[in-house]
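What follows is a single structure, written as structure tokens, with notes after it.
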Amino acid sequence: MKIFDSHCHLAADEFDLDRAAVLDRAHEAGVDTFIAIGSGYGIAGNARTVEFAATDPRVFATVGVHPHEAKELDDEARRLLEELIGRPRVVAVGECGLDYHYMNSEREVQRAVFAEQAASARSRRMPATIHVRGDEPNAYEELLDIWRTETRGEIEGVLHCYTGTLEFARRAIEAGFYISFSGILTFKNDRGLREVAKALPLERLMVETDAPLLAPQGFRGKRNEPAHVGVVGEILAALHALPIEEVARATSENARSLFRLADA
Ligand SMILES: [Zn+2]
Ligand SMILES: [Zn+2]
């Protein structure tokens, strides 16, 4: 079985001591392709991610500004990102979006930076990997509004580590998004997420680890790594009453299509 980790932070410090061993374990578990996310560990993490992707043919990179880091985006950072995004093996903008749960950057700053990222993805005809969280105010509705305005339906994206409602997921799919599930899908207290995953069409779904965060049930409290993405796939397979191989194949195909890996 081959399976695809559509969202992991391979350049994070947590992997500095054993990155090669982490990838070996993933390989043994059938994980053959990785989307290494540039943002989320400081804006400088984008450069480390792009450099790492250049060293391993299984790894593709994204470049962007995480909503937590929105307040750090200045002209110097903009110049760095502009340069990085044109490098080989960079396949998407992100992760970018809105996080009103933690509100680590002010709402207006998050909105402005997300709009800028979405516009940049559109101008480059690149897909985007999106982080969205928070109901009060409603990050999901604001995100969809900004996305529609800035991308005009011309590009697609993925809502990573999805934990929203079924109703919103359906509208997001109509707006050109894929939905990606993480280890949260495996938690005993999944807050209804398994029902959401069960009701959505497999043609629009992906699986991810978001490693080093969000280790699945059975590994909670530990560092997460891409070798565990199959645990998420297993749950999705059970929900859709399909063999794991079928879910692995479909979610990998979806990721290859969104990130256009045939021509990467
Ligand atoms: Zn995220
Ligand atoms: Zn992430």
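The values are calculated or read from the model by the stated rules, or taken from the named source; none is laboratory data. Keep in mind that what you see is a predicted model, and the values were worked out from it rather than measured. Cβ sites come from the backbone with ideal geometry, for glycine too, and all protein chains shown count toward neighbours. Note: accessible area is taken over every heavy atom of the protein model, side chains too, but ligands, DNA and RNA are not part of it. Shrake-Rupley method; radii C 1.70, N 1.55, O 1.52, S 1.80 Å.
Identify all residues within the stretch 28-42 that are in a loop (DSSP other than H, G, I, E, B) and within 15 Å of ligand 1 (Cβ to nearest atom); write none if there are none.
ILE37, GLY38, SER39, GLY40, TYR41, GLY42
Among residues that are over 22 Å from SER257 (Cβ atoms), aliphatic (A, V, I, L, M) and open to solvent by 40 Å² or more (accessible area, probe 1.4 Å), ALA54 is included. Against the conditions (1) open to solvent by 10 Å² or more (accessible area, probe 1.4 Å); (2) under 22 Å from ALA92 (Cβ atoms), where does GLY157 fall short? Just the number, please. If we test GLY157 against (1) open to solvent by 10 Å² or more (accessible area, probe 1.4 Å); (2) under 22 Å from ALA92 (Cβ atoms), just (1) comes out false.
In the stretch 1-30, the residues that are on the phi > 0 side of the Ramachandran plot reach residues that are open to solvent by 90 Å² or more (accessible area, probe 1.4 Å) and assigned to a loop (DSSP other than H, G, I, E, B) with C-beta atoms within less than 7 angstrom, at least six apart or across chains, in these pairs: GLY30/MET1; GLY30/LYS2.
Checked against (1) in a loop (DSSP other than H, G, I, E, B); (2) open to solvent by less than 80 Å² (accessible area, probe 1.4 Å); (3) within 16 Å of ligand 1 (Cβ to nearest atom), MET126 meets all criteria but (3).
Number of residues in the stretch 150-190 that are of a type outside the set (A, V, I, L, M) and part of a loop (DSSP other than H, G, I, E, B) equals 16.
Looking only at the stretch 1-29, how many residues end up being among the small types (Gly, Ala, Ser) and open to solvent by 10 Å² or more (accessible area, probe 1.4 Å)?
Summing the residues that are among the small types (Gly, Ala, Ser) and open to solvent by 10 Å² or more (accessible area, probe 1.4 Å) in the stretch 1-29 gives 4.
For the stretch 146-185, the set of residues classified as out of contact with any helix residue (DSSP H, G or I) (no Cβ under 9 Å at 6 or more places or on another chain) and closer than 26 Å to HIS228 by Cα consists of HIS160 only.
Looking only at the stretch 205-230, filter to residues that are away from ligand 2 (no atom under 15 Å from the Cβ) and surrounded by fewer than 20 Cβ atoms within 10 Å (Cβ to Cβ); which one of those is modelled with the highest pLDDT? Among residues in the stretch 205-230 that are away from ligand 2 (no atom under 15 Å from the Cβ) and surrounded by fewer than 20 Cβ atoms within 10 Å (Cβ to Cβ), the one modelled with the highest pLDDT is LYS222. If I ask for residues that are in contact (Cβ under 8 Å) with a residue 60 or more places away in the chain and open to solvent by 20 Å² or more (accessible area, probe 1.4 Å), which ones from the stretch 231-253 would you list? Those that are in contact (Cβ under 8 Å) with a residue 60 or more places away in the chain and open to solvent by 20 Å² or more (accessible area, probe 1.4 Å): ILE244, GLU245, ARG249. When the stretch 93-107 is filtered for residues that are open to solvent by less than 10 Å² (accessible area, probe 1.4 Å) and within 13 Å of ligand 1 (Cβ to nearest atom), the ones remaining, listed by number, are GLY94, GLU95, CYS96, GLY97, LEU98, ASP99. Scanning the stretch 119-150 for residues that are among the polar types (S, T, N, Q) and within 16 Å of ligand 2 (Cβ to nearest atom) yields one hit, THR129. Between LEU144, LEU80, the distinction of being aliphatic (A, V, I, L, M), in a helix (DSSP H, G or I), more than 16 Å from ligand 1 (Cβ to nearest atom) and within 22 Å of ALA12 (Cα to Cα) belongs to LEU80 only. The single residue among GLY153, GLY157 that is within 16 Å of ligand 2 (Cβ to nearest atom) and of a type outside the set (Asp, Glu) turns out to be GLY157.
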